[in-house]
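Asks: Structure in structure tokens, see below.
Laboratory data are not the source of any read-out in this text; all were calculated from the coordinates shown. In this text the structure is predicted, and so the values were computed from the model without any measurement. No Cβ is skipped: glycine too gets one built from the backbone with ideal geometry, and neighbour counts run over all protein chains shown.
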Amino acid sequence: MNQRDVRGHYEELAAEYDEHWVYGSDYIPWMSARIAEALQLAPSDRIADIGSGTGLFTKEVAKQLRPLQPILCVDPSEAMLRQLGAPPPPSLVPVVASAEEIAEARVQLPYQQLDAMWLKESVHHLSDPEHTLRGLADRLAPGGRLLVVMLPARIEYPLFKAALHRFEELQPNPAYIVDHMRAAGLETTLTHVTHELRIARDRYFGMVRARYMSLLSTFGDSEIEKGVEEMRAAHPEPELVFPDRFAFILGLRRGEAS
């Protein structure tokens with residue numbers, strides 16, 4: 001999808017986004033803890049969540065970390081950022097901007113440099129990931145860390161076959177992101193984490209109909225309904241159980257931290 005399509009998708013989904021992404025009571029705390037652990041976050045860090053959406057994970061990271069300075073929630077969708085609350089919690093500051101605008105310093109941030117930032121499942125939306133990741137790396141302070149959390153090149157979701165095939169066509173290989181981050185001068189490592197998901201079948205079908213993944217917005221209504229029927233036939237069990245595996249790509253800017 002192009003940038004306009006992506007923004008439109010999330011504008012339409014904003015009000016119900018959290019409902020579709022909270023797989024279970026333990027998912028958000030689990031993922032947020034993995035992000036904080038990978039980045040070795042400290043309360044004194046200047047932090048940004050690039051592509052934060054509604055702040056699902058940012059809120060939980062702030063809850064766990066209790067930062068001394070607000071975490072920046074950066075997203076191009078005002079509708080998504082409005083879900084932070086009015087006003088947002090004091091531990092969060094919304095910034096309406098795309099990753100590209102941050103990378104090219106077209107938007108002024110409250111912090112001159114950042115100690116840590118992450119992009120969770122948004123790197124595939126970048127039109128030029130090499131250029132954008134290089135720009136984001138340039139905004140790191142010495143000792144700063146950049147984390148990209150993304151799905152692998154192949155997933156084991158109980159989606160219909162056409163959706164799984166399209167995912168494989170569109171999803172960048174994590175190895176390419178590693179190369180881009182190393183080219184940006186970051187000392188980069190790749191690890192994987194896995195979380196078992198358990199979701200009631202009918203609830204998951206509803207998530208698919210709501211196009212909870214941006215990938216699904218590339219299908220029309222009739223294609224989605226046909227896909228759901230295919231899923232229904234393939235999965236008669238009342239609860240779907242499947243692994244959610246993520247690549248964690250961590251880049252470190254060498255140098256003494258300020």
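Asks: Helix-only mean residue ellipticity at 222 nm, the chain, DSSP H runs n ≥ 4 weighted -39,500 (n - 2.57), per residue, nearest 500. What is it?
Replies: Details: 11 runs with 102 residues, N = 258.
So the helix-based figure for the chain works out to -11500 deg cm²/dmol.
Asks: E239 label point, 7 Å along Cα→Cβ, cut-off 20 Å on backbone N: hits in segment 188-216?
Replies: It comes to 194-208, nothing else.
Asks: Also, quick follow-up: In nm, what is the difference between 0.36 nm times the number of residues separating T194 and D128 and their Cα-Cα distance?
Replies: 21.0 nm
Asks: Tell me, in nm to one decimal, what length is gained between D138 and W30 on full extension, where the rule is 0.36 nm per residue of separation less the Cα-Cα distance? All intermediate terms of the calculation are to be shown ahead of the outcome.
Replies: Numbers: separation 108, 0.36 × 108 = 38.88 nm, distance 2.94 nm.
Between D138 and W30, full extension yields 35.9 nm more.
Asks: Kirkwood hydrodynamic radius (Cα pairs, Å) of the chain?
Replies: Kirkwood radius, the chain: 18.8 Å.
Asks: For K59, which lysines qualify as cross-link partners when the Cα separation must be under 16 Å and same-chain residues fewer than eight apart are set aside?
Replies: K120
Asks: Using alpha carbon coordinates only, what is the Rg to Rh ratio of segment 56-172, with Rh defined as the Kirkwood radius?
Replies: On the Cα set of segment 56-172, Rg over Rh gives 1.00.
Asks: If you take every residue apart from P129 with its C-beta less than 12 Å away from the C-beta of P129, what net charge results, scoring Lys and Arg +1 and Asp and Glu -1? Walk me through the numbers on the way to the answer.
Replies: Details: positive: R134; negative: E100, D128, E130, D179.
With Lys, Arg at +1 and Asp, Glu at -1, the neighbours total -3.
Asks: Give me P(r) over segment 137-258, computed from all C-alpha to C-alpha distances, binned every 10 Å, as integer percentages.
Replies: Going from the shortest bin to the longest, the percentages are 12, 34, 26, 17, 9, 1.
Asks: Kirkwood Rh over Cα pairs of segment 44-113 into Stokes-Einstein at 37 °C, 0.692 mPa s: D in µm²/s?
Replies: 274 µm²/s
Asks: Additional query: Springs between alpha-carbon pairs under 10 angstrom, Gaussian network model over the chain: which of P172, P29, P236 fluctuates most?
Replies: Maximum fluctuation in the GNM of the chain, among the listed residues, is at P236.
Asks: Mind giving me the nanometre distance, one decimal, between the label points for A175 and L68, set 7 Å out from Cα along Cα→Cβ?
Replies: So the two model labels end up 4.3 nm from each other.
Asks: Roughly how big is the chain's charge dipole about its Cα centre, with Cβ charges of +1 (Lys, Arg) and -1 (Asp, Glu), in debye to the nearest 20?
Replies: Using only the charged Cβ atoms, the result is roughly 500 debye.
Asks: Sticking with this structure for a sec: Expected output is a single nm value to one decimal: the length gained when fully extending between L164 and Q40, i.e. 0.36 nm times separation in residues minus the C-alpha distance. What is it?
Replies: Gain on extension, L164 to Q40, equals 41.3 nm.
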